[in-house]
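Undergrad: First the structure, which I've put down as structure tokens, then a few questions once you've had a look.
The values are calculated or read from the model by the stated rules, or taken from the named source; none is laboratory data. Being a predicted model, the structure only gives us computed values, none of them experimental. Positions of Cβ are backbone-derived with ideal geometry, glycine not excepted, and every protein chain shown enters the neighbour counts.
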């Protein structure tokens, strides 16, 4: 043993060579999964970087809209098609803290659809008013009851 490690240890014994994934182009739905995952990951990383920039200048509304759009985007990718409200809610229920689960449909209808389509946090076409507070403080950002 040298320096507390196995003298026979050789980094070359652990190298792995993965063949390049080749895609000649065409429809994105035909892209190999590894490349789709990279593309989605790069896109989400860029969007979340923009959301972080929004928070840095106290533009919380922009950050919230980017976050909602990102959830919608990933929910659609997860389903392999354009997302629906049910996909959005299912994604929240599976991957978000439990406090979001009971409000999933309301979040979709009012925050996601209300902000994206009507620039209001309460969708005026649904008529369901709830008090809530969105904050950047702590781990849970949605506080029902205002």
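Undergrad: For residue 9, all conditions in the list (1) surrounded by 10 or more Cβ atoms within 10 Å (Cβ to Cβ); (2) closer than 26 Å to residue 119 by Cα hold save one; what is the number of the exception?
TA: Going through (1) surrounded by 10 or more Cβ atoms within 10 Å (Cβ to Cβ); (2) closer than 26 Å to residue 119 by Cα one by one, residue 9 breaks only (2).
Quick grid of which residues meet (1) under 30 Å from residue 111 (Cα atoms); (2) in a loop (DSSP other than H, G, I, E, B); (3) touching a helix residue (DSSP H, G or I) at 6+ places or on another chain (Cβ under 6 Å):
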| site | (1), (2), (3) |
| --- | --- |
| 12 | no, no, no |
| 24 | no, yes, no |
| 51 | yes, no, yes |
| 55 | yes, no, yes |
| 61 | yes, no, no |
| 65 | yes, no, yes |
| 78 | yes, no, no |
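Undergrad: State all residues of the stretch 96-135 that are modelled with pLDDT of 65 or more, outside any helix (DSSP H, G or I) and in contact with a strand residue (DSSP E or B) (Cβ under 7 Å, 6 or more places away or on another chain); if no residue qualifies, say none.
TA: 103
Undergrad: To continue, here is another question. Name the residues in the stretch 80-100 that are surrounded by fewer than 14 Cβ atoms within 10 Å (Cβ to Cβ) and in contact with a helix residue (DSSP H, G or I) (Cβ under 7 Å, 6 or more places away or on another chain), would you?
TA: Result: 82, 93.
Undergrad: Return the pairs, sorted by first residue and then second, in which the second residue is outside any helix (DSSP H, G or I) and modelled with pLDDT under 95, the first residue lies in the stretch 60-75 and is under 21 Å from residue 94 (Cβ atoms), the beta carbons are less than 8 Å apart, and the residues are 6+ apart or on different chains.
TA: Final answer for the pair search is 64/134; 72/83; 73/83; 75/83.
Undergrad: Which residues, counting only those in the stretch 24-57, are under 21 Å from residue 81 (Cβ atoms) and surrounded by 13 or more Cβ atoms within 10 Å (Cβ to Cβ)?
TA: Matches in the stretch 24-57: 31, 35, 36, 38, 39, 40, 43, 44, 47.
Undergrad: Determine if the stretch 61-73 includes at least one residue that is exposed (fewer than 13 other Cβ atoms within 10 Å of the Cβ), at negative phi and under 16 Å from the mean Cα position of the chain (by Cα).
TA: no
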